[in-house]
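So the structure is just underneath, and the comments pick up after that.
The values are calculated or read from the model by the stated rules, or taken from the named source; none is laboratory data. Source: prediction; values computed, not measured. Virtual Cβ from ideal backbone geometry, glycine too; neighbours counted across all protein chains shown. Only protein heavy atoms, including side chains, enter the accessible area calculation; ligands, DNA and RNA are left aside. Shrake-Rupley method; radii C 1.70, N 1.55, O 1.52, S 1.80 Å.
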Amino acid sequence: MQIIHTDKAPAAVGPYSQAIEHGGIVYTSGQIAINPAQGKIVAEDIAGQAEQCCKNIGEVLNAAGTNFSNVVKTTCFLAEIADFKTFNAVYEKYFISKPARSCVAVKDLPAGALCEIEVIAVK
């Protein structure tokens, strides 16, 4: 297994890695909308936070030697299911290959985030 890390995405805040690559498969940890340059969530709405989540995922994928077109599965978490349509409008700009996906509403997300995305990709 290879640990994947980039300073262009938020650092792990616990005993986990941004991603792990094993056997040509990349498994990312969930990314919330933390702006890595500022170390905090700066967007206040779902569109801005979804955009930052996707940017963070993109940086982790890049560090792993892959990209959005190689994502085969995503899991998306929303603090409010009412944000589903707005979240999708941002999501579809990045995940143009239409990977398999689960999207659920949850009670709370870390740091008061409105959304979180994790992916599985091939190299």
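Of all residues in the range 87-111, those satisfying the criterion of being in contact (Cβ under 8 Å) with a residue 40 or more places away in the chain and open to solvent by 60 Å² or more (accessible area, probe 1.4 Å) are P110, A111. Sub-7 Å Cβ pairs linking a first residue in the range 48-61 that is surrounded by 23 or more Cβ atoms within 10 Å (Cβ to Cβ) to a second residue that is assigned to a helix (DSSP H, G or I), at least 6 apart or interchain, are A50/F87; A50/V90; A50/Y91; L61/F68, ordered by first then second residue. Against the numbered list (1) open to solvent by less than 40 Å² (accessible area, probe 1.4 Å); (2) farther than 13 Å from A33 by Cβ, L78 comes up short only at (2). Quick check on the range 32-43. Is at least one of its residues more than 20 Å from V13 (Cα to Cα) and either under 12 Å from the mean Cα position of the chain (by Cα) or open to solvent by 30 Å² or more (accessible area, probe 1.4 Å) (or both)? No, the conditions are met nowhere in the range 32-43.
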